[in-house]
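Student: Pasting a structure here, questions to come.
The values are calculated or read from the model by the stated rules, or taken from the named source; none is laboratory data. From a predicted model like this one, the values you see are computed outputs, not experimental measurements. Cβ: placed from backbone, ideal geometry, glycine included. Neighbour counts: every protein chain shown. Protein only, heavy atoms only, side chains kept; ligands, DNA and RNA dropped before computing areas. Shrake-Rupley method; radii C 1.70, N 1.55, O 1.52, S 1.80 Å.
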Amino acid sequence: MAGGTVAVCLAVHRPDPELLRRQLASLEAQTYRDRTLVRFDDDAGVGAYRAFERCLARVPADAAFVAPCDQDDVWHPDKLAVLVDALERSGALLAYSDLRVVTADGFVLSETYWTDRDNGWRDMGALLATNVVTGAASVLRREVLDVALPFPPEVDGSYHDHWLALCALAIGDLAYVDRPLVDYVQHGANLVGHAPRRAPAGVRSSDPWRVRAARDHERHVVRPQVMARALLERAGDRMAPAKRGAVQRAARGDGTWADVGRLVWLALGEQARPRRTLDARRRAARGAVWARVARSPRS
C-alpha cells in the first residue's frame, strides 16, 4: 500500500460534548497514523452542506486522501487503514463501508446499514436518484475535490456525501467494503438518521397532495438536475458514454412531456426493485407530473 496523508474533514455545529469527545477519541485511536485534522466550526449555522464544502476547501494540497467526518459517530480503529487499502487495491476514487447502527449509549440497533434497502454504487442513474454512500463511512482521493468544489447550488435535500459520490463515479469507480467500520449513532438531533422508510425531514403524510408533489419535484427532479448539470459542465468529457448518458437524462429533468414519460416509466420499473431507490423514482414521477400540469397554460 503506497499510502499518503488522509485529511479528516470534521464539520461541527453545536455538538453534543460527550458525542464529540467520543468521536475525537476514535480519530486519535486510528491505526492509520499519517493523517491531519481539518475542522470547520459552523457557528453561523450555514448548514451541513455548506459547512462541509468550506471544510473540504481547507484540505492541504499535499493530502492524498480525504475522509469526511461527522461530529457524533464513532470510527472503528482500522477504518482509515481499511478504506485507504481498498482505494489502493481497486484503483477506485472513493471507497466506503457498511455501518453499525447504534444508540447514543452504544446499544446496537443493527449490525448493518442495509436493513431495508439495496447497496448499489455502479449505476449512475440510480445514484443520481438516491445516495448509498454515507460520508462518515468513506474515504476519497483528493482529486475528486477538483470536480466537486465549489459545490453546486443547494437544493432541498442536498448532502455533501451524495455530491462527492457522484463526482467520484463520474470520473472513476467506487469501491465497497462489506463490513461496518463506523458506529452510526442515532439520536434526536440527527440531520439524517437510519430508520425503515424514513420520510424526508419536513414531509408529513397529512400534507395536501400538491404540497407533497411540489416537495418531491424539488428533491427528486430539480436536485438531480442541478447536480447533473454541474457534472456535465465540469467533467462531461471525462465520463464513460453510459455514465454521460445517464447524467444527460437527469440534466433534462422534466423539461418535456417525453421526459416526464421517462420518469413515469422508471417509477413503474422501480416497483420490481423498490429497495434500490426507496421510492425516489415514484416521487420524481409524481413531482414531474404535478409540475408539468402546473406549468401548462389554462384554457
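Student: In segment 139-166, what residues are part of a strand (DSSP E or B) and crowded, with 24+ Cβ neighbours inside 10 Å?
Tutor: Narrowing segment 139-166 to residues part of a strand (DSSP E or B): 139-141.
The answer is V139, L140.
Student: Follow-up question, since we're still on this one. Which members of segment 259-278 meet the condition of being in contact (Cβ under 8 Å) with a residue 24 or more places away in the chain, surrounded by fewer than 18 Cβ atoms within 10 Å (Cβ to Cβ) and part of a loop (DSSP other than H, G, I, E, B)?
Tutor: R273
Student: Considering segment 99-138 alone, what residues qualify as being surrounded by 20 or more Cβ atoms within 10 Å (Cβ to Cβ), of a type outside the set (A, V, I, L, M, F, W, C) and assigned to a helix (DSSP H, G or I)?
Tutor: Across segment 99-138, the qualifying residue is only G135.
Student: While we're looking at this one, here's another question. Where the second residue is part of a helix (DSSP H, G or I) and hydroxyl-bearing (S, T, Y) and the first is farther than 23 Å from D123 by Cβ and open to solvent by 20 Å² or more (accessible area, probe 1.4 Å) and lies in segment 167-185, which pairs have Cβ atoms under 9 Å and are six or more apart or on separate chains?
Tutor: D183/S26
Student: Right, another one. Taking only segment 13-25 into account, find how many residues are under 14 Å from D73 (Cβ atoms) and open to solvent by 10 Å² or more (accessible area, probe 1.4 Å).
Tutor: 9
Student: Restricting attention to segment 243-258, does a residue exist that is buried (at least 17 other Cβ atoms within 10 Å of the Cβ), touching a residue at least 12 places away in the same chain (Cβ under 8 Å), more than 30 Å from D146 (Cβ to Cβ) and under 23 Å from the mean Cα position of the chain (by Cα)?
Tutor: yes
Student: Inspect all residues belonging to segment 211-218 and state whether any of them is surrounded by fewer than 21 Cβ atoms within 10 Å (Cβ to Cβ), within 17 Å of the chain's Cα centre (by Cα), modelled with pLDDT of 95 or more and closer than 18 Å to G253 by Cβ.
Tutor: yes
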